[in-house]
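Read the structure below first, then the notes.
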Amino acid sequence: QAKYLAQIILVGAQVVGRAFMRALRQEFAASRVAADARGRSERPQSAAASRITGISLQEAQQILNVSNLNPEQIQKNYDHLFKVNDKSVGGSFYLQSKVVRAKERLDEELRIQAKDEEKGAKGET
């Protein structure tokens, strides 16, 4: 009887293991499709910046609560969010680091836009 019980447990574990691996593969494929779609919607330099910083432009804008790339508004919101999430005032280091990453991503996007505008100005002359 113990032999049959062991076989049932083994078969059950195999079934659960296969189902888990199948779900994991599907989740990985869906994640890849979403990342590809996000990459196609951005300009090549912007997509590269998203990959390097690990945060998309849209996510960075949501974190810092800005709808357009206004450097003054970005800095103002960054300063506020960084201060309120300081660990010394009961904030979260994790949230503070997300605020820093978002600021870095938006700063990089501003740099890319300035570079594109500079190229456009040179092309017109």
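The values are calculated or read from the model by the stated rules, or taken from the named source; none is laboratory data. Keep in mind it's a predicted model, so treat the numbers as computed, not measured. Cβ atoms come from the backbone with ideal geometry, glycine included; neighbour counts cover every protein chain shown. Remember, those area values only see protein heavy atoms, side chains included, never the ligands or the DNA or RNA. Shrake-Rupley method; radii C 1.70, N 1.55, O 1.52, S 1.80 Å.
Of all residues in segment 87-97, count the ones that are hydrophobic (A, V, I, L, M, F, W, C) and either in contact with a Ser or Thr (Cβ under 9 Å, 6 or more places away or on another chain) or exposed (fewer than 13 other Cβ atoms within 10 Å of the Cβ) (or both). Before the answer, list the steps.
Residues of segment 87-97 hydrophobic (A, V, I, L, M, F, W, C): 89, 93, 95.
Subset that is either in contact with a Ser or Thr (Cβ under 9 Å, 6 or more places away or on another chain) or exposed (fewer than 13 other Cβ atoms within 10 Å of the Cβ) (or both): 89, 93.
Residues meeting the conditions: 2.
Name the residues in segment 105-125 that are closer than 20 Å to residue 70 by Cα and either outside any helix (DSSP H, G or I) or open to solvent by 50 Å² or more (accessible area, probe 1.4 Å) (or both), would you?
107, 108, 111, 113, 114, 115, 116, 117, 118
For segment 47-56, state whether one or more residues are at pLDDT 80 or above and either open to solvent by 100 Å² or more (accessible area, probe 1.4 Å) or not assigned by the TED database to the domain that holds residue 106 (or both). Spell out how you get there, then give the answer.
Filtering segment 47-56 down to residues at pLDDT 80 or above leaves 55-56.
After this cut, where a residue has to be either open to solvent by 100 Å² or more (accessible area, probe 1.4 Å) or not assigned by the TED database to the domain that holds residue 106 (or both) as well, the list is none.
No, segment 47-56 contains no residue that is at pLDDT 80 or above and either open to solvent by 100 Å² or more (accessible area, probe 1.4 Å) or not assigned by the TED database to the domain that holds residue 106 (or both).
Considering each of 11, 84, 100 in turn, give the residue that is modelled with pLDDT of 90 or more, surrounded by 10 or more Cβ atoms within 10 Å (Cβ to Cβ) and in contact with a Gly (Cβ under 7 Å, 6 or more places away or on another chain). Lay out the reasoning, then the answer.
Details: 11 fails: in contact with a Gly (Cβ under 7 Å, 6 or more places away or on another chain); 100 fails: in contact with a Gly (Cβ under 7 Å, 6 or more places away or on another chain).
Only one candidate qualifies: 84.
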